[in-house]
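> Have a look at this one.
Derivation of every value follows stated rules applied to the coordinates shown; laboratory data play no part. All of these numbers come straight from a predicted model, not from anything done at the bench. As a convention, Cβ positions derive from the backbone with ideal geometry for all residues, glycine included, and neighbour counts pool all protein chains shown.
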Amino acid sequence: MEPRLNLFGNETAMKALKHINSAGKVVADSTLPAATQELVKIRASQINGCGFCTDMHTKEAAAAGETVQRLHLVAAWREAKVFTEAERAALELTEQGTRIADAAGGVSDEAWENAAKHYDEDQLAALVGLIALINAYNRVNVLVRQPAGDYEPGMFG
């Protein structure tokens, strides 16, 4: 499988992605727990059908010490006992923030209030930014049909 567009060889694409990556660094450097960040990226990528990002973030999470059991259960997090209440709140916010078009009211007050019980204002800002960013990355990769499977942890820095 070949991508429709070589994102890494196109000057315009690289300029745009540079700015998205800069925003991602702000989120990565926040106090939002790194494990939560990876779970959010994995779940949004699963919903969006982005194989490239699902591959990348499951491998990054595993390299950072995430368990195989938790990685396998991200898609079924509601039925799994392996996630904390804070992680569950972040995953719910991720799902609602990713599936905005599926819900007439957007993100529910209940999902927001539950997340706010577990995360301070800066962490909520990071979580909102992260959900928006991973959805942007997913859309770019799905649009160009970026192939999955070759990612190596740490490959992009």
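> Which residue fluctuates most in the GNM of the chain (Cα springs below 10 Å): Lys15, Lys117, Lys59?
Looking only at Lys15, Lys117, Lys59, the largest GNM fluctuation is found for Lys15.
> Can you give the Rg to Rh ratio for the stretch 1-84, taking only C-alpha atoms and Rh from Kirkwood?
Result: Rg/Rh = 1.02.
> Another question, if that's okay. Restricting to DSSP H runs of at least four residues, report the calculated mean residue ellipticity at 222 nm for the chain, -39500 (n - 2.57) per run over all residues, nearest 500 deg cm²/dmol.
-20500 deg cm²/dmol
> How much length is gained on full extension from Glu79 to Asp102, taking 0.36 nm per residue of separation minus their Cα-Cα distance?
Stretched out fully, the Glu79 to Asp102 stretch lengthens by 6.1 nm.
> Continuing with this model, one more query. Counting Lys +1, Arg +1, Asp -1, Glu -1, what net charge surrounds Thr94 among other residues with beta carbon under 11 Å of its beta carbon?
+1
> Based on the Cα atoms of the stretch 55-128, what semi-axes does the equivalent ellipsoid have, where each is the square root of 5 times one gyration tensor eigenvalue, given in whole Å with the largest first?
Working: eigenvalues 102, 42, 31 Å².
Rounded to whole Å, the semi-axes are 23, 15, 12.
> Count the net charge of all other residues whose Cβ sits under 15 Å from the Cβ of Asp109, scoring Lys and Arg as +1 and Asp and Glu as -1.
With Lys, Arg at +1 and Asp, Glu at -1, the neighbours total -2.
> Also: So how compact is the stretch 28-157: Cα radius of gyration and Dmax in angstrom?
14.0, 39
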